[in-house]
Every structure is written in structure tokens, then in C-alpha cells.
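Written out below as C-alpha cells is the structure these notes cover.
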Amino acid sequence: MNFIKQTALSVGFDACGIAKAEALIEDAVFMKKWLVEGNHADMHYLDRNFEKRINPQVLVPGCKSVVAVLLNYFPKQKQKPESPKVAKYAYSITDYHTVLKLKLKELEQKIGIKYGDDCISTSHQHLFVDSAPVLERRWAERAGLGWIGKHTQLIHPGLGSYTFIGILMLNIDLEYDLPILPHCGTCTKCMDACPTKAIENGTLNARRCISYLTIESKNAIPVEFQSKLSDYILGCDICADVCPWNTKWAKQNSHAELSPVTNILEWDKSEWQNLTEENYNSNFSYSAIKRAGFSKLKQNIDVITKNNL
Ligand code: B12
Ligand code: SF4
Ligand code: SF4
């Protein structure tokens, strides 16, 4: 196994692949259409930095290779069955951005020692988790880490789709991996299970996605979707939970940094219903739950409570 992949595993990632940095021509066409159709809802940041998003060499001048890493987050324990649901990605005490960035920095340092500091851009951000104009799933796919399933998430053939993606852009040529062909076949389980029918025409309409509605949207949840939240108060795992690649391959993660917040596992309905801002801040200040904000989470809890009356 090559040095970078071996080092990625040694710092705690579950998989690593490498792709040549080049413009994503087909994705540019796809993304433009996706945006024109309004599938990004109110996430206007997806409309910005288009050239950077489709071309890593515009984002990080001098970049030659894209290293993609995966971190399995499938949890050992689940919430109580009657409890309002939080998507698994947000279970951990520490926000996954922090966990992945620390590991990526460690990987980067070791690569710098081996290949020389010039392989890392010092003038541009070159290490990414979620928040930059980078099509992370596409790069992970190009780096041979899996394929983009019909539910639009990256599926690793041995891990499933409960993985976070991290990206490191390097100024050196490396040996590249080959993409894996999609293995969804004729399956449509994710599309059939989605309560809001958010997966349509081979893409995701974020306006209908519970994950968008309960975290990203600044507006109240539209009435037509309120009864369809399926008890989710933050994010949604329905399309991933039904995917045969997850039911068969998802393995409980062994990352101490991703240990769940105790309250998420222990709280039942009444504890969520009585959540105060003080309680929210003291329990979730380092967790990904913070992104939704207290008022949004509270509104979501109220909708679920009303649904269950
Ligand atoms: C915006 C966003 C969302 C939005 C929109 C989701 C979406 N499907 O775009 C919302 C809020 C709904 C969301 C939800 C979730 N998200 Co999110 N999200 C992102 C973010 C920040 C950007 C994604 C993006 O660029 N979307 C725009 C679309 C057009 O891009 P795309 O789907 O990647 O598609 C590109 C390629 O795949 C390709 N492509 C796809 N289909 C086709 C078809 C053809 C013909 C062609 C040519 C190309 C092509 O072209 C597209 C580019 O134009 C990424 C992080 C990042 N920077 O990449 C995380 C990310 C995708 N999210 C992630 C996660 C974990 C989730 C949730 C599971 C969280 C949850 N449990 O609630 C859900 C899953 C919902 C779902 N079914 O996708 C992970 C996914 C990990 C994985 N293994 O796939 C990411 C990568 C974050 C991370 N660093 O780990 N997310
Ligand atoms: S995350 Fe939930 S709402 Fe969004 S596409 Fe998947 S099943 Fe549908
Ligand atoms: S449920 Fe079926 S169609 Fe959907 S992503 Fe998984 S394998 Fe593909």
C-alpha cells in the first residue's frame, strides 16, 4: 500500500483514495442544471464560487492530486425507540468537522515530512471538510472509494454510506485510483422509503429533504411536510437505513472521538420536549447539533410533538 494511504489509516481514517486534480466538466453541466431547477433551496452558498467548485486547480492553484478519506460514523448505540430522532452523523460529542480536520492535519504533516513542504499549498486552504466549494462525494468517487448511490450519498463497498468525507489537495503527482462503477442496479429502496419523495430524476431536491428542512432551512417547516418528518428533529437517515449496502456492510465505528453525547442516547420524549436553551448550550456546545440552533431545534421538536398528539 502506498505511503499516503497507509498513513491515512494510521491516523485513524477508515479508507483513503487518490484522484488526479482536473476540472469536473460533466459535473459542471449537472450542477448548473441542479441549481437552475432550484434543488439547492435556500442554500445560496452552493450557487457561489462555481468555477472553484468544479475545478480544484482554480480553488488551489498548483494542485495536482486530490486525496479523499473516509471516516466511518455508524454508531454502536442507538437512541431509545420512542425518542424524537437525531440523524446518526450528529450523535458525537465532538462535531465531525473538528474530528476530521485534526486527523487531516496530522496526515498532512506526515506527507510534508515525506514529500517536502512544497507539496502543500501554504497560500490557499487545501484541507476540506464539508464547508468549502468542493464536490466531496464526486472526489471520493473518483478516488475509488465507492459510488454515488441513488440516495446521492457515497457508498463504500465495505463500509456502506455512514462515512464522513475529508479532502486534502496536494501539489504533487501521485498514483491514481480508478473509480468504482455504481452497484445500485435496479434497486429503488431509498427512493421508495423517502417520506417526502425528495429523490427524483436521479438527484436530490433539497426543498423536500427532511435533512434540509430540519437543519439548514431558516423558515418554518412547510405544512405539507410537517406530518412526514417521521419523528426526525435533526437530519434524516431513512434513505440510508434502508439501503442494502448499509444493512449488510455498515459496521459500528470504533472512533473514541465519535462517542455519542449521553443525552442523545438516554433522553426520551419528555426530555426533548422540555429542552431549554441553557440545557441545549451545556449539552451540545461542541456537537454538530449546534448548526441547527436552539430555536430551529425547538420548532422541530414542537412539530413532532404535535404530530404525535
Ligand atoms: C449541501 C449539502 C447537503 C444538502 C443537499 C444534499 C445534496 N444531495 O446535495 C442537505 C442539507 C440536504 C444535505 C443532507 C445530507 N448530508 Co450533506 N452535504 C452537503 C454539502 C455541503 C454539499 C453537497 C453538494 O455540493 N450538493 C450539490 C450537488 C449537486 O452535488 P452532489 O450531490 O455532490 O453531486 C455532484 C456529483 O455527485 C455529481 N453527480 C451526482 N449525480 C450526477 C449525475 C450525473 C449524470 C452527473 C454527470 C454527475 C452527477 O455531480 C454533482 C455536481 O454537480 C456536502 C459537503 C461537500 N462540500 O461536498 C455535504 C455532504 C454531502 N453531506 C453529507 C451527509 C452525511 C449528509 C446527510 C446524510 C446528513 C443527515 N443524515 O441528515 C444528509 C443526506 C441527504 C441525502 N440524501 O443526500 C456527507 C455525505 C457523506 C457520504 N458518504 O456521502 C457530505 C459529503 C459531508 C461530509 N464531508 O461528510 N447535505
Ligand atoms: S435524507 Fe430523508 S428526506 Fe432526505 S432524501 Fe433521504 S429519506 Fe428523503
Ligand atoms: S437503497 Fe438501493 S438504490 Fe438506493 S442507494 Fe442503496 S442500493 Fe442504491
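The values are calculated or read from the model by the stated rules, or taken from the named source; none is laboratory data. Since this is a predicted model, take the numbers as computed values, not measurements. Quick reminder, even Gly has a Cβ in these numbers, built from the backbone with ideal geometry, and neighbours come from all protein chains shown.
Tabulated results
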quantity: Residue check for K197: in contact with a Cys (Cβ under 7 Å, 6 or more places away or on another chain) and basic (K, R); calculated: no
quantity: Check on Y280, away from ligand 3 (no atom under 16 Å from the Cβ) and part of a loop (DSSP other than H, G, I, E, B); calculated: no
quantity: Any chance I167 is aliphatic (A, V, I, L, M), surrounded by 19 or more Cβ atoms within 10 Å (Cβ to Cβ) and within 17 Å of I18 (Cβ to Cβ); calculated: yes
quantity: Residue list for the range 215-227, restricted to those being surrounded by 18 or more Cβ atoms within 10 Å (Cβ to Cβ) and either more than 20 Å from M43 (Cα to Cα) or more than 8 Å from ligand 1 (Cβ to nearest atom) (or both); calculated: S217, I221, F225
quantity: Total residues in the range 175-212, condition in contact with a helix residue (DSSP H, G or I) (Cβ under 9 Å, 6 or more places away or on another chain) and of a type in the set (D, E); calculated: 2
quantity: Some residue of the range 77-99 being at pLDDT 95 or above, in contact with a Ser or Thr (Cβ under 6 Å, 6 or more places away or on another chain) and farther than 27 Å from R208 by Cβ; calculated: no
quantity: Some residue of the range 198-217 being over 19 Å from the mean Cα position of the chain (by Cα) and more than 25 Å from K32 (Cβ to Cβ); calculated: no
quantity: Pick from the range 175-196, criterion in contact with a strand residue (DSSP E or B) (Cβ under 9 Å, 6 or more places away or on another chain) and not in a loop (DSSP other than H, G, I, E, B), ranking: nearest to ligand 1 (Cβ to nearest atom); calculated: C190
quantity: In the range 84-99, the residues that are part of a helix (DSSP H, G or I) and among the charged types (D, E, K, R); calculated: K88
quantity: Neighbours by Cβ (under 8 Å, 6+ apart or cross-chain): first from the range 180-195, touching a residue at least 24 places away in the same chain (Cβ under 8 Å); second basic (K, R) and near ligand 3 (Cβ under 7 Å from one of its atoms); calculated: C184/K150; C187/K150; T188/K150; C190/K150; M191/K150
quantity: Condition met for F74 (surrounded by fewer than 21 Cβ atoms within 10 Å (Cβ to Cβ), under 20 Å from A288 (Cα atoms) and hydrophobic (A, V, I, L, M, F, W, C)); calculated: yes
quantity: Residue pairs meeting the criteria (Cβ under 7 Å; at least 6 apart or on separate chains; first away from ligand 2 (no atom under 16 Å from the Cβ), in the range 161-172; second modelled with pLDDT under 95 and of a type in the set (S, T, N, Q)); calculated: N171/S121
quantity: I180 vs. criteria surrounded by fewer than 23 Cβ atoms within 10 Å (Cβ to Cβ) and more than 16 Å from ligand 2 (Cβ to nearest atom); calculated: yes
